[in-house]
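Q: Got a structure for you, questions after.
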Amino acid sequence: MATNITTFPPGRDTPMLIVSPHLDDAVLSCWSLIDQEAVEVLTVFAGRPAAPVSTDYDRACGYADSDGAMSGRLREDDAALTHHGVSTGRLDLLDIGYAAAPPRPFHDVSILREAVWSWIGRHDGQRTMVLLPAGTGLSAGLIAPAGGIVASQSQSPGDDSQNAPASHRRSLRLRALAARFGGRWIAHQVFLWRKRRGTLPLSPAHPDHVWVRDVLLPGLLEHPRADVVLYEELPYLWELPADDAVAEIRNTLDVQSSEIHLPVDQDAKMRRVGHYGTQLRVLDPGGQRLTDSSAYPLIERFWTMTRRPEAAERPSERSLDIR
């Protein structure tokens, strides 16, 4: 299983994979690594529906339908990463705006796990490092807020909420509605509603980010040749940082973490984020923080995740049964 991580970043001799839920998350959240290290990026939700659909999110980004949106977003991602020499891989899974209502099929779980485990296998004999989203915001994923692990992906985002406080149950229901009826655009409207009501601390984590994290994290913690690091996501960290999400994971999975800050060249990051032009108006509507380099955080935050020494001596007592 993974050993204690002594150096981060580990240097160019250690293969590093940034698992990016969407076609912008790696640059938004891990620019300090992309700028300085030899990394690869795997984007999970880069697929398009078989028949074009038109969502509120696509139209808000200036696209008529999903075909136009995904073609445009792939061009943006190429401009931001591939044209600058970053090795990229993309899976054809559908993001939450296009997918059927939760839960995701086990087929999606298998595709994502196989892609990451195959990447590790291609570096035979080397230790590798895999970076996952922390799930910044109020989590309602498989790693349950009250501790313990929700047993099955077949549960909807609100199914494990009966023992949570009433305010959390309301938040989980809102997240479930956001997931079912419109993805990130609707999730942002939920955030604005909370902001007007003064309930900002219940800002939800992005469901796609939480799903990616929960599918991969437990297995990677047990992998003999992979170290795992969580990264804090922009723009969600502006509203609710990742500290609580990391604490939940640490307590639930019996792991220890070490927080690391890497400095950011704000001007360079803003220029690279600018390649995702169609997304900026929706990711930060009216705020203009993504087009102002001085508004970018001076650091990016990461957490190395390792099994506690006493836990490493015995088989894991907790696992995810994702269906």
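Q: What are the ³J(HN,Hα) values, in whole Hz, obtained from phi via the Karplus relation 6.51 cos²θ - 1.76 cosθ + 1.60 with θ = phi - 60°, for each residue of the range 245-250 in sequence order, with x given for Gly and Pro?
A: Per-residue couplings from phi come out as 4, 5, 4, 4, 5, 4 Hz.
Q: Now for a separate question. Suppose the chain between residue 122 and residue 247 were pulled fully straight at 0.36 nm per residue; how much longer would it get relative to their current alpha carbon spacing?
A: Working it through step by step, the gained length comes to 41.8 nm.
Q: Can you tell me how much longer the chain between residue 64 and residue 106 gets when fully stretched, taken as 0.36 nm per residue apart minus their C-alpha distance, in nm with one decimal?
A: 12.1 nm is the gain from fully extending residue 64 to residue 106.
Q: So, one more: Work out how much length residue 40 to residue 258 would gain on full extension: take 0.36 nm times their residue separation and subtract the Cα-Cα distance, in nm to one decimal.
A: Gain in length upon complete extension: 76.2 nm.
Q: Let me ask you something else. What nm distance separates the two modelled labels at residue 71 and residue 267, each placed 7 Å from Cα along Cα→Cβ?
A: 3.7
Q: Separate question: Apply the Karplus parameterisation 6.51 cos²θ - 1.76 cosθ + 1.60, with θ equal to phi minus 60°, to every residue of the range 221-228 and state each ³J(HN,Hα) to the nearest whole Hz, in sequence, with x for glycine and proline.
A: So the J values, rounded to whole Hz, are 5, 9, 6, x, 10, 10, 9, 10.
Q: Same structure, new question: Roughly speaking, what is the centre-to-centre gap between the range 49-98 and the range 230-273 when only Cα atoms are used, to the nearest Å?
A: 24
Q: Sticking with this one: With θ set to phi - 60°, apply the Karplus curve 6.51 cos²θ - 1.76 cosθ + 1.60 along the range 45-62 and write out the HN-Hα couplings as whole Hz, x wherever there is a Gly or Pro.
A: 9, 10, x, 10, x, 4, 10, x, 10, 10, 10, 4, 5, 4, 5, 5, 8, x
Just so you know, all these numbers are worked out from the coordinates, no wet-lab data involved. Because the structure is a prediction, the values reported are computed rather than measured. Here the Cβ is made from the backbone with ideal geometry for all residues, glycine too, and neighbour counts use every protein chain on show.
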